[in-house]
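Written below as structure tokens is the structure these notes are about.
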Amino acid sequence: MNLSLKGKRILLGITGSIAAYKAPFLVREFIKQGAEVRVIMTESASKFVTELTLQNVSKNDVVTDMFDKTLQENGSWHIHLAHWCDCFVIAPCSANSLAKIAHGFADNALMALVLALPKEKPLYIFPAMDTDMWLHKVTQKNCNTIVMHGGAIFPPDSGELASGMVGEGRLPEPSDIVSKITDDLLSRKSLKSFLKGKKVLITAGPTYERLDAVRFIGNFSSGKMGFALAEEALNSGAEVTLITGPVHIDTIIGVHRIDVQSAEEMFEQVCNNFSHYDLAIFSAAVADYTPKNPLEEKMKKENTGEELTITLKKNPDILAWAGKTKSEHQRIIGFALETDNEIEEGKAKMKRKNCDMIIINKANAPNSGFGGDINTITIMAKDGEYKHYQPLTKKECAKEIITKAIQLF
């Protein structure tokens, strides 16, 4: 027997979808692979599959009521259960539950466990619903929000639905769900220690170049890509320092964060830290130029006339400096955001800046570039070999980039 999940402790959440009838079979598949399973159900789920059935197949009590007196003996049952598991699987996950997870609701036992789940433990979500509900913009937005907060969404299969219609929305077969989770857990285990003992420096976000007391020159970078890279490097065992321009993203627990505003400030921090690191990833969108004579006071349009001329001076080229300065043991990765001839431009930039790898994307293409949660990247190695990727979430892009970065060592 193949015990691919031997010793794993799996928390299985079941929500109010007709696909909940597959849950007992899913529990049996997990157990056949050597896992121990605990089940949490929403009240709606109990309309489709019984608590008694799941209790019998899992050989454990099933949690349905967050205020059940039998759960309160040790206090904070949801915290203990969330720390007990190796991963949390929600299958099936209804549209309503997706919305609650995306927005942090904790109005039932299952949702309380989602919020209690430690950050390092994976959350696997398998939505199941009618096609129109799955493809609705709100549902897709909720999925993106969950992914940005670290959850993994596995899109539903296509086929015949409970409504009699045919389309996307079916819960995958239990054996397929177990296979997907097994693959991901093995991938996480293999990557977890590859950067152990390595120090990684990452730059992220835009820079703001001050014009006067209230205005600046900037760009549309959100910093999401850099923060995703920092989290993935941390998950791979590295000690991570993140130097970031002005962004609206929470600090990642375990990552040393340094906030800067201008290109000059970012350059100074890179210079101060660079020699201590094995790998540096320069994902920040650093301004090439800055005003030569920024004003201390607010510029008045009454005093500038119909036209305004601003003299700019070049900022330090951080990536070029790192390429010239790096020692034999250090590796650097650059980013090239291009509008035309991106492969040729990326290859030239990598050579010019002495990068060990470069990440190329297009500024004027859909699902690519600044701001959004999706990116379309090409990873190019130092020898010029490259691989195009289909649009991925920035978290997924980060995983691909860090996987390739590991190979540099």
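No value in this document is a laboratory result; all are computed from the given coordinates. As the structure is a prediction and not an experimental result, all values here were calculated from the model. Here the Cβ positions follow ideal geometry from the backbone for every residue, glycine too, while neighbour counts run over all protein chains shown.
Prolate is the label for the chain, because the ratio a/c of its alpha-carbon gyration tensor axes (a ≥ b ≥ c) is 1.5 or higher and a/b is greater than b/c.
What separates the Cα centres of segment 328-366 and segment 3-45 is a distance of 44 Å.
Charge tally around Ala35: other residues with Cβ under 13 Å, Lys/Arg +1 each, Asp/Glu -1 each, net +4. Name the GluC sites (Glu not before Pro) in segment 327-363 that are in a loop by DSSP and that have at most 15 other C-beta atoms within 10 Å, would you? Loop-located and lightly packed - Glu328. Placing one equal scatterer on every Cα of segment 199-407 and applying the Debye formula, the log10 ratio I(q)/I(0) at q = 0.08, 0.11, 0.17 Å⁻¹ is -0.28, -0.52, -1.17.
If the limit is 22 Å between Cα atoms, which of Lys326/Lys382; Lys59/Lys100; Lys382/Lys404; Lys100/Lys141; Lys59/Lys119 go over it? Walk me through the intermediate numbers first.
Working: Lys326/Lys382 15 Å; Lys59/Lys100 29 Å; Lys382/Lys404 12 Å; Lys100/Lys141 12 Å; Lys59/Lys119 28 Å.
With Cα atoms farther than 22 Å apart: Lys59/Lys100; Lys59/Lys119.
Among Phe105, Phe30, Phe220, a tally of other beta-carbon atoms within 10 Å of each Cβ gives an order, fewest to most, of Phe220, Phe105, Phe30. Qualifying GluC sites (Glu not before Pro) in segment 38-143, where qualification requires a DSSP coil assignment and no more than 14 other C-beta atoms within 10 Å, comprise Glu43, Glu73, Glu120. The amide H of Ala162, built 1.01 Å from its N in the peptide plane, has no neighbour under 5 Å, considering only residues 5 or more places off or on other chains.
For the chain, give me the percentage of DSSP beta bridges that are antiparallel, rounded to the nearest 5 percent.
30 percent
Projected label points at Asp288 and Asn273, each 7 Å from Cα along the beta carbon direction, are separated by 2.6 nanometres. Excluding same-chain neighbours fewer than eight residues apart, the lysines reachable from Lys6 by a Cα-Cα span under 16 Å are Lys32, Lys180, Lys189.
Relative to the longest principal axis of the Cα atoms of the chain, the long axis of helix 23-32 makes an angle of roughly 80 degrees. The fewest-to-most ranking of Phe370, Phe267 by surrounding Cβ atoms within 10 Å reads Phe370, Phe267.
What does the charge count near Ser179 come to, summing +1 for each Lys or Arg and -1 for each Asp or Glu among other residues with Cβ under 12 Å from its Cβ?
Values: positive: Lys180; negative: Glu29, Glu173, Asp176, Asp183, Asp184.
The answer is -4.
For Lys395, the aspartates and glutamates whose Cα comes closer than 12 Å to its Cα, not counting residues fewer than 8 places off in the same chain, are Glu231, Glu232, Asp373.
All other residues with a Cβ under 15 Å from the Cβ of Trp134 taken together, and with Lys, Arg as +1 and Asp, Glu as -1, what is their net charge? Kindly include the intermediate steps, with their values, before the conclusion.
Details: positive: Lys137, Lys141, Arg170; negative: Asp130, Asp132, Asp157, Glu160, Glu168.
Value of the local net charge: -2.
Listed by chain and number, the lysines whose alpha-carbon sits under 28 Å from that of Lys292, ignoring those within fewer than 8 places in the same chain, are Lys300, Lys301, Lys313, Lys314, Lys324, Lys349, Lys353. Compute the longest continuous run of the chain that contains no exposed trypsin sites (Lys or Arg not before Pro); treat a site as exposed when its DSSP state is not H, G, I, E or B and it has at most 15 other Cβ atoms within 10 Å. Between the exposed loop sites, the longest stretch runs 301-381. Residues Leu115, Leu337, Leu26 in ascending order of nearby Cβ atoms (within 10 Å, fewest first): Leu115, Leu337, Leu26.
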